[in-house]
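Some notes on the structure that comes next.
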Amino acid sequence: MLRHFVQILDFSSIELQKIMELTALLKKADKEGACPRLLQGASLGMIFEEPSTRTRVSFEVAMTKLGGHALYLRPGEIHLGARESIADTARVVSRMVDVIEARTLKHQTVLDLAKYATVPVINGLTDFNHPTQVLCDVFTMTEHAPKEKKLTDLHLTFVGDATNVCVSLMFICARLGISFTQAAPAKYQVSEAHRAMVKDACAESGATISFTDDPVAAVSAADFIYTDLWWWIGQEDEIPERRAAFMPKFQVNADLLSKAPATARFMHCLPASRGVEATDEVMDGPQSIIYDQSENRLHTEKALLVWFVYPRLKRASDSLIAHHRGLVEAFLG
Ligand code: CP
């Protein structure tokens, strides 16, 4: 069955942990200058309806390191949804590439691409969720967790708006048994509809998910403190209201960090508005692991690409390749 990576909850705890183990193997290989060229000759189509630094660079470099090739496809340069239906774009691009990554304004667009594509589709961020980011985040947490703690002993506190990253963190914590708390004004907490989606996952994994408007209490037992932008493209009209709701109580600054255990680590998916949701002092401080997170996007994308593409690739024998080369050379004279 063709599977896509559009939503964390579509994957079991074991599958997510396997992809993280694969990430660790590929990261180690890369650090030794020995990234295996497992996707030689394969192509990735990257559709971006919004700008990106980390997602674009990580997917493109991952594909190159694995021996494949990536194409950057922007609306305006391809016909997606304008002069050609999403279904036809998915069907046509699938005939030429081995995997599609898509960052789209609406989650429905990624769902439609996945519905009609005949190759795996990986969600590179939608208005609903950001699964590749949070898989990378939990991998990063495993690298920085206190030695004595297992995944299910960890506590992640998200301070800020219920962004797509926040919702996805709640999903992956629920699936993997990590305790999750969001600290935000009530209006900006994860919706009841999204909370309901993790009920079964929490029952299975034992994860506790909680919400509060008290950031000091929320960070008091946190192993990881995470924040994200307070507003995004399209929310410019709401900036004064949002700033008033979050500042200064929900800013991750030295004062708030001092209320957390000394071993707590600071995380941000980036890009950040420095001095808004987090101060320079915290972002550049000794507890910050934000650039490890960014680098790990590369290693996670390599693992995702290998996980989804490698089992589907046709790997012809040297003799079969020589046979076809001989036929073509004979034809050309
Ligand atoms: N965190 C993240 O997805 O970054 P980009 O928007 O730069 O891809």
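Summary of values
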{"read-out": "Fraction in percent of alpha-carbon pairs per bin - 10 Å, region 203-333", "value": "10, 26, 24, 15, 7, 8, 8, 2"}
{"read-out": "Over the chain: helical MRE at 222 nm, DSSP H runs n ≥ 4 each giving -39500 (n - 2.57), nearest 500", "value": "-13000 deg cm²/dmol"}
{"read-out": "Global geometry of region 22-109, whether rounded, prolate or oblate, following the gyration tensor of its Cα atoms and the 1.5 cut on a/c", "value": "prolate"}
{"read-out": "Cα long-axis angle, helix 318-332 against the chain (0 to 90 degrees, to the nearest 10)", "value": "50 degrees"}
{"read-out": "On Cα atoms only, tilt of 13-31 relative to the major axis of the chain in degrees", "value": "70 degrees"}
{"read-out": "Pairwise centroid distance, computed over Cα atoms, of region 172-246 with region 20-68, Å", "value": "30 Å"}
{"read-out": "Using distinct alpha-carbon pairs, which all enter the 1/r mean, Kirkwood radius of region 1-159 in Å", "value": "16.9 Å"}
{"read-out": "Linear extension gain, W232 paired with D213, 0.36 nm per residue minus alpha-carbon span", "value": "4.7 nm"}
{"read-out": "Distance histogram for region 132-217 (every C-alpha pair counted, 10 angstrom bins, percent rounded to whole numbers)", "value": "19, 52, 28, 2"}
{"read-out": "Distance in nm between pseudo-label sites at A221 and L105 (7 Å out along the Cβ direction from Cα)", "value": "4.3 nm"}
{"read-out": "For region 73-175, radius of gyration divided by Kirkwood radius, i.e. Rg to Rh on alpha-carbons", "value": "1.10"}
{"read-out": "Directionally averaged projected area (convex hull, Cα atoms, the chain), nm²", "value": "19.5 nm²"}
{"read-out": "Nitroxide proxy distance, nm - points 7 Å out along Cα→Cβ at D10 and D127", "value": "2.0 nm"}
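Read-outs: derived from the displayed coordinates by stated rules, not from any lab. Quantities reported herein were computed from a predicted structural model and do not represent experimental measurements. As a convention, Cβ positions derive from the backbone with ideal geometry for all residues, glycine included, and neighbour counts pool all protein chains shown.
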